[in-house]
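Down below is the structure, laid out as structure tokens.
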Amino acid sequence: MTLAIDVANATVHYGSLLALDKASIQLERGSVCGLVGMNGSGKSTLFKTIMGLVKPDTGSVLVNGTNPLQARKSGAIGYVPQNEAVDWDFPISVREVVMTGRYGHMGFTRRPRKADHEAVEQALARVELTEQASRQIGQLSGGQKKRAFVARCIAQEANIMLLDEPFAGVDKRSEATITKLLREVADQGGSVLISTHDLHALPNLADQAILLMRKVLMQGDPQLVLQPENLAMAFGLDPMNRGEDA
Amino acid sequence: MNLFELLAEPLGYTFMVRALAVTVIAAILCAVLSCWLVLIGWSLMGDAVSHAVLPGVVLAYIVGAPFALGALVFGFLAVALIGGVRDTSRLKEDAAIGIVFTTLFSFGLVLISVTPSHLDLNHIIFGNLLGVSAADLWQVIILGAVTFLILILKRKDFTLYAFDSTHAHALGMNPRMIGAVLLGLLAMTSVVALQAVGVILVVAMLIIPGASAYLLTNSFGKMLVISPALAALAGIIGVYVSYYLDASTGGMVVLSQGAIFVLIYLFSPRQGLVAHRFAVRRRRKNLQHAG
């Protein structure tokens, strides 16, 4: 079976700055993988490389067995942005945001058909945002905002989901809802890659964890990867005991 | 004189009818585009492109090419130069914009001054609503219609580009291309609006209506209706007032838009300053009662 994501020996420079150093990661279908590392460890760069926003100097990237452009055009890649990357004052409703997930299924003028409306309503129901669907996107709580973007991936029918810090600014209840949702996605054959600072949530959520420090230090079972001595390699100390400060 | 006569009298003159037509077309077109410009944060870009098209228009006049072509070329040139200066030096974007558009605009001024022609500098700078010829009107109508049609047909893509260009990329679209098309339409719009209010005031018509509508609604679809409606209303008021006061027409049109913005800024039900103050006072009162 082809891998969902197969990054081999990818090296990325920004100018003279080395952002990724011969990084190799494999993500199997139907699994959740947590990407752990400090700020500046290359998490975002790895996401951008998988999405084709950044071209690696060396190495190769395969998504669903094809190049990133083909994978994007087939609608396979769903993306949940970081809080900071979203203009929360934008005059757009939750339902409209989810509808943008369907654009790949639509024609020249992106006019939604019946199937598109149905897919959006189903996605909203799955993330329990049906009641809030008409609200402007900024009028949701932190957890609801994340769920709205997860709903967009579901409506898109993306089989690979990339989530950048999905637990930042999210309360415990929403965190549990999102965790359950992502597990369901994986159980139905979808593949999920999340970058996170929230190490406590990982063992319940992820099948695998990757420790990143410009190069891949470790990839394996979350329990094993999140051992204090391993985290010390990536963070220089044990962040499990330091909470958010790490 | 009753209201009907007041409104009908200017329409007895062909130049007034043409002035009204050009104003309304330019106002609606600019207002639709302004919804995206305001949300993307391209207000200054609107200013830059609308000024930078000047040498393009003059050169097109000299070689006998369509104005729109010259404007497009120089509109894109300005955007490319701004990006170039920003990316290859330590200067920030606002400085790059300031350098590029003033230089191109000055190039246009110099070109006009050394070109023996019927081009009247004042008309280009401040607009020439009362001197619109039938040919001018047709150019405005055709250019305006084409630009308007593209904006409306591809509005969903432009809105996604403004809201989340990374998602557009993830769907296999080309966000750079969408941005380039939008800038091209900005250059075309500048040519249309140039007729009405002149180079200097185009930027007002490209920012004020979208900004006003943004303060009134949380729905982009509604913005796309409110913004051109406000702009058309302001345009008509401006033309009539200028007729009866014998004042600058382009100036009066923009002044009307500005006046409407002030009203909305103060009295918008949700975003307005007055509503905001009341809400703060009510909260304070509630707190005092609670305490």
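Tallying residues that are over 20 Å from A:Phe47 (Cβ atoms), modelled with pLDDT of 90 or more and hydrophobic (A, V, I, L, M, F, W, C) within the stretch A:152-181 yields 1. Considering A:Gly34, A:Gly15, A:Gly65, the condition of being modelled with pLDDT of 90 or more and surrounded by fewer than 22 Cβ atoms within 10 Å (Cβ to Cβ) is satisfied by A:Gly65 alone.
Of the residues making up the stretch A:41-71, just one is within 16 Å of A:Ser16 (Cα to Cα) and among the aliphatic types (A, V, I, L, M), namely A:Val54. If a residue must be surrounded by fewer than 24 Cβ atoms within 10 Å (Cβ to Cβ), in contact with a Ser or Thr (Cβ under 7 Å, 6 or more places away or on another chain) and within 11 Å of another protein chain (Cβ to nearest Cβ), how many such residues does the stretch B:165-216 contain? Number satisfying all stated conditions: 3. Applying the criterion of being free of Cβ contacts under 8 Å to residues at least 24 places away in the same chain, part of a helix (DSSP H, G or I) and within 14 Å of chain A (Cβ to nearest Cβ) to the residues of the stretch B:217-251, the residue that is surrounded by the most Cβ atoms within 10 Å (Cβ to Cβ) is B:Ile226. Here's a check for you: in the stretch A:174-220, which residue that is hydroxyl-bearing (Ser, Thr, Tyr) and farther than 22 Å from A:Lys48 by Cα is surrounded by the most Cβ atoms within 10 Å (Cβ to Cβ)? Filtering first and then ranking leaves A:Ser174. For the stretch A:81-105, the set of residues classified as touching a Leu at 6+ places or on another chain (Cβ under 6 Å) and free of Cβ contacts under 8 Å to residues at least 12 places away in the same chain consists of A:Tyr103 only. Of all residues in the stretch B:159-169, at least one satisfies being of a type outside the set (Phe, Trp, Tyr) and touching a residue at least 60 places away in the same chain (Cβ under 8 Å). Might you check whether a residue that is part of a helix (DSSP H, G or I), surrounded by fewer than 18 Cβ atoms within 10 Å (Cβ to Cβ) and of a type outside the set (Phe, Trp, Tyr) occurs anywhere in the stretch A:157-165? So far as the stretch A:157-165 goes, no, none of its residues is part of a helix (DSSP H, G or I), surrounded by fewer than 18 Cβ atoms within 10 Å (Cβ to Cβ) and of a type outside the set (Phe, Trp, Tyr).
Within the stretch B:195-214, does at least one residue satisfy the condition of being in a helix (DSSP H, G or I) and hydroxyl-bearing (Ser, Thr, Tyr)? Yes, the stretch B:195-214 has at least one match.
Filter the stretch A:70-84 down to residues that are more than 7 Å from chain B (Cβ to nearest Cβ) and either surrounded by fewer than 19 Cβ atoms within 10 Å (Cβ to Cβ) or at positive phi (or both), then give me how many there are. Counting residues in the stretch A:70-84 that are more than 7 Å from chain B (Cβ to nearest Cβ) and either surrounded by fewer than 19 Cβ atoms within 10 Å (Cβ to Cβ) or at positive phi (or both) gives 5. Of the residues in the stretch A:185-206, at least one is free of Cβ contacts under 8 Å to residues at least 40 places away in the same chain, out of contact with any Gly (no Cβ under 6 Å at 6 or more places or on another chain), under 23 Å from A:Gly42 (Cα atoms) and assigned to a helix (DSSP H, G or I). Only residues that are hydroxyl-bearing (Ser, Thr, Tyr) and farther than 30 Å from A:Thr45 by Cβ were counted across the stretch B:139-174, and they come to 1.
Checked against (1) touching a residue at least 12 places away in the same chain (Cβ under 8 Å); (2) surrounded by 13 or more Cβ atoms within 10 Å (Cβ to Cβ); (3) assigned to a helix (DSSP H, G or I), B:Asp94 meets all criteria but (2). Condition (residue is surrounded by 18 or more Cβ atoms within 10 Å (Cβ to Cβ), farther than 16 Å from B:Gly184 by Cβ and of a type outside the set (Val, Ile, Thr)) applied to the stretch B:66-75: is it met by at least one residue? Within the stretch B:66-75, not a single residue is surrounded by 18 or more Cβ atoms within 10 Å (Cβ to Cβ), farther than 16 Å from B:Gly184 by Cβ and of a type outside the set (Val, Ile, Thr). Of everything in the stretch B:140-164 that is crowded, with 18+ Cβ neighbours inside 10 Å and more than 11 Å from chain A (Cβ to nearest Cβ), the residue that is farthest from B:Tyr240 (Cα to Cα) is B:Leu151.
In contact (Cβ under 8 Å) with a residue 60 or more places away in the chain and not aromatic (Phe, Trp, Tyr): is that true of A:Gln156 in this structure? Yes; evaluated as a whole, the condition is true for this residue. Consider the stretch A:100-114 and keep the residues that are more than 9 Å from every other protein chain (Cβ to nearest Cβ) and part of a helix (DSSP H, G or I). The one that is farthest from B:Leu151 (Cα to Cα) is A:Lys114.
This table checks each residue for (1) in contact with a strand residue (DSSP E or B) (Cβ under 8 Å, 6 or more places away or on another chain); (2) within 30 Å of A:Ala232 (Cβ to Cβ); (3) in contact (Cβ under 8 Å) with a residue 40 or more places away in the chain.
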site: A:Leu27; (1), (2), (3): yes, yes, yes
site: A:Gly34; (1), (2), (3): yes, yes, yes
site: A:Ser60; (1), (2), (3): yes, no, yes
site: A:Pro68; (1), (2), (3): yes, no, no
site: A:Gly78; (1), (2), (3): yes, no, yes
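Any residue in the stretch A:128-137 that is among the aliphatic types (A, V, I, L, M), assigned to a helix (DSSP H, G or I), buried (at least 24 other Cβ atoms within 10 Å of the Cβ) and within 14 Å of another protein chain (Cβ to nearest Cβ)? Yes. Comparison of B:Leu121, B:Leu129 shows that the only residue that is farther than 22 Å from B:Leu59 by Cβ, modelled with pLDDT under 90 and away from chain A (no Cβ under 14 Å) is B:Leu129.
Here A:Pro56 clears all of (1) buried (at least 20 other Cβ atoms within 10 Å of the Cβ); (2) in contact with a helix residue (DSSP H, G or I) (Cβ under 6 Å, 6 or more places away or on another chain); (3) within 13 Å of chain B (Cβ to nearest Cβ) except the condition numbered (3).
The values are calculated or read from the model by the stated rules, or taken from the named source; none is laboratory data. Everything quoted here is computed from the prediction, not taken from an experiment. Heads up, the Cβs are rebuilt from the backbone with ideal geometry, glycines too, and the neighbour counts pull from every protein chain shown.
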